[in-house]
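The values are calculated or read from the model by the stated rules, or taken from the named source; none is laboratory data. This structure is a prediction, so every number in the text was calculated from the model and none was measured. Neighbour counts run over all protein chains shown; Cβ positions are idealised from the backbone, glycine included.
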Amino acid sequence: MSAAAYEPEVRAGDSLLSVRDLVVEFGGKGRPTFRAVDGVSFDVGPGQTIGLVGESGCGKSVTSLAIMGLLPARGNKVAGSATFDGTDLLTLDQREMSDRRGRDIAMIFQDPLSSLNPVVPIGVQVAEVMQRHQGLKKAQAMQESRLLLDRVGIPDPARRLKEYPHQLSGGMRQRALIAMALACKPRLLIADEPTTALDVTIQAQILEVLRELVVDSGTALIMITHDLGVVAGLCDEVNVMYAGRIVESASRHEIFARPEHPYTHGLLGSIPRLDGTRAGALHAIPGSVADNIPWTGGCAFAPRCTNATAICREQSPALEADPTGIPDHLLRCHHPILPGTDSTHE
Amino acid sequence: MNPMQRKKDRIDKLAEQAAGASADVPDAGKVADTGGVSLIASAWRRLRRNPVFLVGLAVTVLFVLIAIFAPLLAPHNGQTGYLLNQVTPNDPVPGGQDGFPLGADGQTGRDLLSRLILGSRQTLIVGVCATLAGLAGGVVLGTLAGAFGGWVDTVVMRLVDVMLSLPSLLLAISVATLFGRPSQWTLIVAISVVQVPIFARLLRGSMLAQRASDHVLAARALGVKRGPITFRHMLPNSLGPVLVQATLVLATSIIDAAALSFLGLGNPDDSSPEWGQMLGKAQDYFDVAPRLAFWPAACIVVVAFGFTLMGESLREALDPKTRR
């Protein structure tokens, strides 16, 4: 199936995956339940890239695993819906989900080496996906693998096919993983921090591969990252997550031009920059996600927030439209940092 | 209960090391980027310089060669009573002499040296077959438990626990006595039954570690089915520690085989000599000719020692924690 084949069904701009009120709770006998993801909603359409941004532990990876149905069944509760092309993925059983994984939706992980089977040659691992979903014979699948490796920019693919993961460089391993993910031309790709384990120069190359994919094949891409540089280079829409909830959601341009949530502000302030007029230290956000309090008792970010007041500790803010009336800019904050009132950094 | 707990702990520790070893693979790979060596290559490099391993290897290779070429190496055949004419009521065991350096094996007047050499064959066959059978059984049970989890895992592991709770020799004796006519095959079955739970528990442990690994998650994220995940992604990555353990178990198998033969549960036909069986027969002459017991016992000890040295140094070389 090529990219063109599904265009009649889903026009560009329409939502391909629509996540609504996704809740993931970890728990079990004798352990208190922990809400890792708390009412997350977002949409992603063909040819669109959205970012899920936040610190480690804010629930972005759990969100993606829940959509993929890869959370262990025991001790986890998933609620809400994730509608992919008319089907709620969360209602599918493991077998139906397994049929879709790799064919309709694929995922790329953070650490390319540990995500590859160390005892199986790269080519076989890429071919395996095509044999599984497209019923290709092994020789045919290997042939296709070679073309795929070539397409994701692995030099000398015929030789690389027969090599084991430890023989490849970090960048090539990530390319091989991308090749595996792309093998059956999925319509949705979830990339979970795909560049974190790589050198900066390799990061740029990998992002370029992903960008071309989105532009050329109209694949929808969910980019999970804590790296705002990646967001700036790739994402159309950005959802900033904190402690399991989306705290700010806007277009890339909006997020960078007018971050209004103190947390987003803090994230942007944490990036070292050369052109900054602010002499002095980086604006580190005090504390860590581990210090968070549940959203039930007020705003979870309040303990780390410089703008927090009494109301923040009592009443949990809702995700609402931006008070200045910018369309499609959602915000979960009692005291947003609005343009002109920026006082936190001075 | 205590020895059983100790047994279980030891097996679990090995499995943990296995998990460590596979977690260590990324490092090995990173080293490979900069012109270094992979896990196996670096293990081999360390082994090559390890005198303990080399001694173990030498003993093992010598033993295997002797066993393979036994009929050529033995100066006489094992059945003919060459020294029968020297057997007297006062001296029932003719001593060493020209052509028969170790003398006779008892009142039957057969050549002791030849029988020792020929006996290495039986020992090797029983040891290797028992270990392979145990390995096969353990791999099947361990794969079942590790791949399916849930109630399959519970049932299999409780069965394994029951087997581990029995002293191994007692279990082997019980199994051996189940068969009416003892032979070397009943010996093999009895010993392998004892090895099965060790391999099963070990494999299950490292399979579970694999199940939680990134590459298995990645394979599942691509829709790979349970069969290929088990046999292509989990099993090959879990086998390392099990194969190392097999080297160690070979030594135990040989000792167990000797013990069972000594107790008369081995092959009763003494035309094909076996060290344990020779040791058992030597009891009759212990007062007059203790060397009849000494030589087979020495052979058993040396061979078991060789396998143990080799296995231990292999395990150490593949264990990331003891790496230097």
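Some notes on this structure:
- Qualifying residue in the range A:60-75 (condition: more than 14 Å from chain B (Cβ to nearest Cβ), closer than 29 Å to residue A:242 by Cα and modelled with pLDDT under 90): yes
- Residue A:197 vs. criteria of a type in the set (A, V, I, L, M, F, W, C) and either away from every other protein chain (no Cβ under 11 Å) or farther than 16 Å from residue B:221 by Cβ (or both): yes
- Condition check for residue B:84: touching a residue at least 24 places away in the same chain (Cβ under 8 Å) and surrounded by fewer than 20 Cβ atoms within 10 Å (Cβ to Cβ): yes
- Extreme residue, surrounded by the most Cβ atoms within 10 Å (Cβ to Cβ), among residues of the range A:146-163 that are in a loop (DSSP other than H, G, I, E, B) and in contact with a Pro (Cβ under 9 Å, 6 or more places away or on another chain): A:161
- Residue within the range B:51-70 that is at pLDDT 75 or above and either under 30 Å from residue B:213 (Cα atoms) or within 14 Å of another protein chain (Cβ to nearest Cβ) (or both) present: no
- Matching residues, the range A:95-113, being acidic (Asp, Glu), facing another protein chain (nearest Cβ under 8 Å) and either under 18 Å from residue B:227 (Cβ atoms) or buried (at least 24 other Cβ atoms within 10 Å of the Cβ) (or both): A:99
- Residues of the range B:106-131 that are out of contact with any strand residue (DSSP E or B) (no Cβ under 7 Å at 6 or more places or on another chain), within 17 Å of residue B:279 (Cβ to Cβ) and part of a loop (DSSP other than H, G, I, E, B): B:106, B:107, B:108.
- From the list B:261, B:271, the lone residue that is among the polar types (S, T, N, Q), within 22 Å of residue B:133 (Cα to Cα) and out of contact with any Cys (no Cβ under 7 Å at 6 or more places or on another chain) is B:261.
- When B:251, B:212, B:219, B:257 are checked against the criterion of being crowded, with 24+ Cβ neighbours inside 10 Å and within 10 Å of chain A (Cβ to nearest Cβ), a single residue qualifies: B:219.
- Looking across B:236, B:268, one residue alone is within 14 Å of chain A (Cβ to nearest Cβ) and either surrounded by fewer than 23 Cβ atoms within 10 Å (Cβ to Cβ) or part of a loop (DSSP other than H, G, I, E, B) (or both). It is B:236.
- Considered as a group, the residues in the range A:114-145 that are within 7 Å of chain B (Cβ to nearest Cβ) and in a helix (DSSP H, G or I) include one that is surrounded by the fewest Cβ atoms within 10 Å (Cβ to Cβ), and that residue is A:133.
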